[in-house]
Amino acid sequence: MQQAPIMRLCISCRKTYNRKNLFKITKDHKQGIIFHNGMGRSAYICNSKKCYSDSKIKKKLQKALKTSLEPEFIYIFEKEIASFNDNPNQGI
Ligand SMILES: [Zn+2]
């Protein structure tokens, strides 16, 4: 028997996807903003370039995570999401 996939909303295009195919950003209570893991408020972004390279993505993330992000966040984020999309079976 196959379990129903856990669906999550992409904060950019507002469509729901299987969580396994989404890039997860978490505001962890202890570690701050981290990718894929962590406990705390999370946001998900799908692997569409239109979504993660959206010029408003930082604003959308800040709203979703209820936090303010460092200016260098986008640089790290773009690198992380690019490597995530190259190896989609890694992570969660
Ligand atoms: Zn999307």
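The values are calculated or read from the model by the stated rules, or taken from the named source; none is laboratory data. What you are looking at is a predicted structure, and each value in this text was computed from that prediction instead of being measured. Neighbour counts are summed over all protein chains in view; Cβ atoms, including those assigned to glycine, are modelled from backbone coordinates with ideal geometry.
Restricting N18, N37, N47 to those that are surrounded by fewer than 13 Cβ atoms within 10 Å (Cβ to Cβ) and within 12 Å of the chain's Cα centre (by Cα) reduces the list to N37. Any residue in region 3-14 that is touching a residue at least 24 places away in the same chain (Cβ under 8 Å) and under 12 Å from I25 (Cα atoms) sitting within a Cβ distance under 7 Å of a residue that is within 16 Å of the ligand (Cβ to nearest atom) and among the hydroxyl-bearing types (S, T, Y)? List the pairs, counting only those 6 or more apart or interchain. Hits for this filter: C10/Y17; C10/Y44; I11/Y44.
When the residues of region 17-64 are filtered to those that are within 16 Å of the ligand (Cβ to nearest atom) and among the small types (G, A, S), which remaining residue is farthest from Q3 (Cα to Cα)?
S55
Counting only residues that are surrounded by 11 or more Cβ atoms within 10 Å (Cβ to Cβ) and within 10 Å of the ligand (Cβ to nearest atom), region 1-15 holds 6 of them.
Restricting the first member to region 42-56 and to residues that are under 11 Å from C13 (Cα atoms) and charged (D, E, K, R), and the second to residues that are modelled with pLDDT of 95 or more and near the ligand (Cβ under 10 Å from one of its atoms), the beta-carbon pairs closer than 6 Å and six or more apart or on different chains are D54/S12. Confirm whether I74 is within 22 Å of M7 (Cβ to Cβ) and surrounded by 14 or more Cβ atoms within 10 Å (Cβ to Cβ). It is false that I74 is within 22 Å of M7 (Cβ to Cβ) and surrounded by 14 or more Cβ atoms within 10 Å (Cβ to Cβ).
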